[in-house]
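Scroll down for the structure; my scribbles are underneath it.
No value in this document is a laboratory result; all are computed from the given coordinates. As the structure is a computational prediction, the values presented were derived from the model and not from experiment. So basically every Cβ, Gly included, is an ideal-geometry build from the backbone, and we count neighbours across all protein chains shown.
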Amino acid sequence: MNDSLDLLREALPYIQHFDGKVFIIKLSGKVTENKEYLKSLMEEVALFQQVGFYVVLVHGGGKQLTEMANKLDVPQTIVDGRRVTDGKTLELAKMVFAGQIRTDILSTLRQMGAKAVGISGIDGNVLHAERREAQAITNRETGEKEMVDFGHVGDIVKVDTDLLRLLLNGGYIPVVSSLAADDQGNVFNVNADTIAAEIAVHLKAEKLLLLSNVDGIYRDFSDPSTKINRLTLEEAKTLYNSSEISEGMLPKLKSIIHLVERGVKSAHIINGLRRNVLFKEIFTKAGTGTMIFQDGMTM
């Protein structure tokens, strides 16, 4: 009992400080595929809403999309870690993102007593996207550049937050799947990290929490003791320009630096496969992942 009271005392100033603030939480496919992990996370999300936080959930689902494609014998092409989305794959993405995964999240939130609404970037014209142009990608085997057409993959060019604000002010948790469209109604598969980042910027979010299967950013990914807990924006820039960080961590660090520069108060990389990970990251000084924040922030 005393341990629980101590935890509540530690959490109280954070609850008071973040009351009425917007939190964007991005869930990876690896997080949403396991029902026990998902249930644990949605308990935390429901509590966030109960204590006065405005929460938007954004989910990917690349792993589930690949599994569905394999079941239905739809060949998949991955170039430099990015999926080429042909017509058949786009139809599967609609089924998996706006159907299977979103329904699992919504039903779990309902079990927790939270009100939630599932949308995609198409609903209410939240996200305007345009088809990604063919890009020159270096073939890692040959070292030569090749032009790659990613098919029905879109890049976000405009965000309209009216629907999201309407839902948040009405006491709902928007659950956003990673589909968007252009003015002609052409539907695109859009990277969920990008969607979460753009929504965070346009809603002027207090925090963007990126949940994956890694604990944070490491100076040396092979050495757990080198995990970085907190960095100011300036410290993150210095680290990025140094030779003190693993090459594989550089893209994550760069994207978060850009995000915080655009106005999000802080961005966090945390492992969504650990229990109570959101509570520990938000309500304790030690945290659990890596937090990069604007200079001058205290929480």
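Taking the Cα centre of the stretch 216-299 as the origin, how large is its charge dipole in debye, to the nearest 20, when only Lys and Arg (+1) and Asp and Glu (-1) carry charge on their Cβ atoms?
The dipole of the stretch 216-299 has a size of about 400 debye.
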Per the charge dipole of the stretch 111-213 (beta-carbon charges, Lys/Arg positive, Asp/Glu negative, Cα centre), the residue among 203, 192, 147 reaching farthest to the positive end is 203
Dividing the surface of the Cα convex hull of the chain by four yields a projected area in nm² of 16.6
Using alpha carbon positions and the Kirkwood radius, the Rg to Rh ratio of the stretch 73-220 is 1.00
Mean-square fluctuation maximum in Gaussian network of the chain, Cα pairs under 10 Å, restricted to 96, 55, 214, hits 214
DSSP beta bridges in the chain: the antiparallel percent, rounded to 5, is 40
Length-normalised contact order of the stretch 195-299, Cα under 8 Å, at least 6 apart, in percent, tallies to 38
Expressed in angstrom and rounded, the centroid-to-centroid distance over alpha carbons for the stretch 80-109 and the stretch 10-35 is 23
Taking the stretch 216-299, the whole-percent share of alpha-carbon pairs separated by over 19 angstrom is 35
For the chain, the charge dipole (Cβ of Lys, Arg +1; Cβ of Asp, Glu -1; about the Cα centre) points to a positive end, and the Cα of 241, 89, 164 closest to that extreme belongs to 164
Cα-based Rg and Dmax for the stretch 143-299, in Å, come out at 17.3, 53
Computed about the Cα centre, the charge dipole of the stretch 8-93 from +1 Lys/Arg and -1 Asp/Glu charges at the Cβ has a magnitude in debye, to the nearest 20, of 80
With +1 on the Cβ of every Lys and Arg and -1 on the Cβ of every Asp and Glu, the dipole magnitude of the chain about its Cα centre, in debye rounded to the nearest 20, is 640
Mean separation of Cα contacts under 8 Å (at least 6 apart) over the residue count of the chain, i.e. the relative contact order in percent, is 21
In the stretch 216-299 the DSSP beta bridges are antiparallel at a rate, in percent to nearest 5, of 65
